[in-house]
């Protein structure tokens, strides 16, 4: 199950990377195609807006690449006893795969929340083990297993 989750997470992250690269290229083309007209301010504004877009997409690319590095660092052979990045955890409210913040992935009649160790739930679960109990938003959550 963890192998499939990791594959899906990598595919979703790779898609984010490819989309960011396309958007960077498109915004760069837009900036390059701005032609100077008699209204010089319009030209400068258009280029500045295109540059802002490019910077936004560059940040998105950087975040996606960091996420991919985290996913690539997960060792599927490692036996987890404490919850940390790479652990698949069954709790009384469902499954959590600690990796990067991707959201819910439906898999084998289960819904698995793929979340980062730095997310609110990731921070609550971090360092916990099987049979521990945590409080999250005034709810008691039992940790059933850690894989």
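The values are calculated or read from the model by the stated rules, or taken from the named source; none is laboratory data. No experiment lies behind these values; they were computed from the predicted model shown. Cβ atoms come from the backbone with ideal geometry, glycine included; neighbour counts cover every protein chain shown.
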Number of the exception - residue 124 against (1) surrounded by 19 or more Cβ atoms within 10 Å (Cβ to Cβ); (2) more than 14 Å from the chain's Cα centre (by Cα): (1)
Read through the list (1) touching a helix residue (DSSP H, G or I) at 6+ places or on another chain (Cβ under 8 Å); (2) at pLDDT 95 or above; (3) surrounded by fewer than 19 Cβ atoms within 10 Å (Cβ to Cβ), then give the number of the only condition that residue 90 fails. (1)
Filter result for residue 105 (in contact with a strand residue (DSSP E or B) (Cβ under 9 Å, 6 or more places away or on another chain), assigned to a helix (DSSP H, G or I) and surrounded by fewer than 20 Cβ atoms within 10 Å (Cβ to Cβ)): no
